[in-house]
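Report on the following structure.
The values are calculated or read from the model by the stated rules, or taken from the named source; none is laboratory data. If you're wondering where the values come from, they're calculated on a predicted model, not measured in any experiment. No Cβ is skipped: glycine too gets one built from the backbone with ideal geometry, and neighbour counts run over all protein chains shown. In case anyone asks, the SASA skips ligands and DNA or RNA and just uses the protein heavy atoms, side chains included. Shrake-Rupley method; radii C 1.70, N 1.55, O 1.52, S 1.80 Å.
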Amino acid sequence: MVPLNSNINSETDSFRSGPDETGHFGIYGGRFVAETLMPLILNVEKAYRAASNDPEFQSEFDYYAEHYIGRPSPLYHAARLSEHLGGPKIYFKRDELNHTGAHKINNTLGQILLARRMKKTRIIAETGAGQHGVATATVCALFDLPCVVYMGETDIERQAPNVFRMKLLGAEVIPVTSGTGTLKDAMNEALRDWVANVDTTFYIIGTVAGPHPYPEMVRNFQSVIGNETREQILEAENRLPDCLVACIGGGSNAMGLFHPFLDHPDIQIIGVEAAGLGIETGKHAASITGGQPGVLHGNRTYLLQTDDGQIIDAHSISAGLDYPGIGPEHSWLHESGRVSYVSVTDQEALEAFQLCCQTEGIIPALEPAHALAHVMKISKQFDPSQILVMNMCGRGDKDVFSVAEALGTKL
Amino acid sequence: MNDSNLSDTRITRCFANLAKQNRKAFVAFLTGGDPDYQTSKQLVSGLPAAGVDLIEIGMPFSDPMADGPSIQVSSQRALRNGMTLVKTLDLVREFRKTDDATPIVLMGYYNPIYRYGAHHFVQECAEIGVDGLIIVDLPPEEDKELCEPALTAGLHWVRLVTPSTDDDRIDAVLHNVSGFVYYISVLGVTGTRRAMADHIEVAVSRLRKYTSLPIAVGFGIKTPEHAKAVAEHADGIVVGSAIVDMVKANLDESGKPNAELVDRVHDFVRDIAKGVENA
């Protein structure tokens, strides 16, 4: 049905040249939005291009990245875990040590600086687990902009501490009951808000998805992860790693780590989706492993959907991976074969979560616990002279309640 | 691209006839399969007799981003009761058995069509008597996806023009459009805000500088009086959410239609039609 013209860009011979000027990565990406939003989205693109070429914008980003987020985050050799698994030398890129506890703030910082340049006076965002909502509310407090966060009713129940955090930070959290009351519906509702408030409002999308230029823009803000990793590993090991592993919901932490390394063909790159209760049960969030190409939320990408093209709800123990789509660049990297996409079940992630606590004294978020579960599976394929970098993209404080419940512990 | 076959169609004849009689077009929207296929079939088939000039059938989608609450829940009702894209096409097929004159435009989102296969879809639409398409999430930048195949197949492509469509963009938006132009009178989603007649007058006269196509105005029209006021400044009006709300008002707690649903919806449509007639 779909022409698979998604090979490496033959003119530049690079995996890093996407998207093209119309926002496509091969057939993926694009700008599938209502006409009401088009002028605004074209303005966002124009403003983003101007900002990218303005050294002042970059230095403003760098200033807050260093002094507010706490960058660079360490690249840490997880020696006990490496020894325990008996495979490669494992490094964690410790984005869980960022202010607010995850990689999400790299992107919200970049976007709010752009919103300020565009003289927007109101910020909206969608959130699933609440991490992106908290990261958005945080930068809104910092820059004194009103913040409205759309969050599915179901997620509000599951993530009460993050809802309270957002409110402490001054955000208004609006429960979304339309559709199935989850992340995808929160995104629909944020788009509806945006359509009605185009003049004043900037929409801070939380992942490498949405209409062009969002996938590219979010990736570039998150590429601080991969760029630092490159410098740090060269400093520590005097060479590049053999393998990169990151978890994928929408895929922003993974794109951020992967992108600077895509043109090094010797580096194996692996994205880990959430298999939930198992791909065969249909209760999962693995858009590439268990979905088909489609069009939603402004872009063409792999989606969980019925044969009739209706979107299916995702399931994962990790609320941050619980989205029925994936960033379009990942769909392209999958079809071009540059990145391998695998999946890990709730159960496997829970085991990795506990191992990480016990061997490294790090309570990971359930999202990177998925990445770690895959590292555990493949470690025997490597020897100790090889280097693997895993993105520890969030800390697990937010997850202790759901992990306790899953392990049958009453708190 | 061969779109010369679009000069004499049900839609062009409809607007030409109305213009001759100095009348305005009443475009009515219903979600296909709402609340269920059989009731929906009766609702659609009674629209021309109730005074509707052009029928818009919504193709239900799980994630209708550009629609307000009324059409969102009507799509969910339809999907819950087993509506699919294939059945929406069946609905048109059955309607055409008894009515070969009233234009039908399908309105919806791209993903179900993309899954079905864009070329397959436009060919089937042309064969069964669909006259045009309005696909909300396909802006001119993505015309290769469905707009160009639709024109080749002999379907009109109707686009939404909005208050945010500025002078820089208007030519691009009107490119490839035929049949009529659908002016959205308010920024926002369907059925939520009420448009002001004076804004519409200004907006429509601005739009006329760029196109000679008939202009239909929609979003937020709920009463015969409002319909009349808007129709006075345009070539036609579109009413959707208010009709769909009337469907909802005649469902019992379990979502089953009561015995009067079809008549009541048609009575409401007839009232709006009178408003349009007086414009």
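Let me make sure I get this right: for region A:1-121, a, b and c are the square roots of the gyration tensor eigenvalues over alpha carbons, sorted descending. Under 1.5 in a/c it's rounded, otherwise prolate if a/b > b/c, else oblate. Which is it? It comes out oblate by the Cα gyration axes.
Among beta bridges identified by DSSP and lying wholly in chain B, the antiparallel ones come to about 5 percent. Unpaired Cys in chain A, meaning no second Cys C-beta under 4.7 Å: A:C243, A:C247, A:C356, A:C357, A:C393.
When only alpha carbons are used to place a centre, region A:15-66 and region B:206-279 end up 40 Å from one another. Evaluated with a Cβ-only charge set (Lys, Arg +1; Asp, Glu -1), chain A carries a dipole of roughly 520 debye about its Cα centre, given to the nearest 20. By the rule of a C-alpha distance below 20 Å, with chain neighbours fewer than 8 residues away ignored, the aspartates and glutamates paired with A:K380 are A:E83, A:D242, A:D266, A:E348, A:E351, A:E360. Summed over both chains, the contact between A and B buries some 3100 Å² of accessible surface at a probe radius of 1.4 Å. For A:E231 and B:R80, FRET efficiency with R0 = 45 Å and r from the beta-carbon atoms, rounded to 0.05? Taking R0 as 45 Å, the efficiency between B:R80 and A:E231 is 0.25. Could you check how much of the accessible area of region B:185-279 is carbon and sulfur, as a whole percent, using a 1.4 Å probe? The value for region B:185-279 is 50 percent carbon and sulfur by accessible area. Using a cut-off of 23 Å between Cα atoms, the listed pairs B:K20/B:K222; A:K93/A:K398; A:K46/A:K120; B:K222/B:K248 include B:K20/B:K222 as exceeding that distance. Solvent exposure of region B:4-277 amounts to 37 Å² per residue of accessible area, where only protein heavy atoms count and the probe is 1.4 Å. Summary value for region B:4-277: 22 percent relative contact order, contacts being C-alpha pairs under 8 angstrom separated by 6+ residues.
For chain B, the 222 nm mean residue ellipticity estimated from helices alone, with every DSSP H stretch of n ≥ 4 adding -39500 (n - 2.57) and the total spread over all residues, rounds to -13000 deg cm²/dmol.
Remark: spin-label model distance A:S17-B:E225 equals 6.3 nm, labels positioned 7 Å along the Cα→Cβ axis.
The GluC sites (Glu not before Pro) of region A:334-408 include none that meets both conditions, a loop assignment by DSSP and at most 15 other Cβ atoms within 10 Å of the site Cβ. For chain A, averaging the sequence separation of C-alpha pairs within contact (under 8 Å, six or more residues apart) and dividing by the residue count gives a relative contact order of 20 percent.
For B:D167, the accessible surface of its heavy atoms amounts to roughly 90 Å² (probe 1.4 Å, protein chains only, rounded to the nearest 10).
Estimated from helices alone, the mean residue ellipticity of chain A at 222 nm is -12000 deg cm²/dmol (sum of -39500 (n - 2.57) over DSSP H runs with n ≥ 4, per residue).
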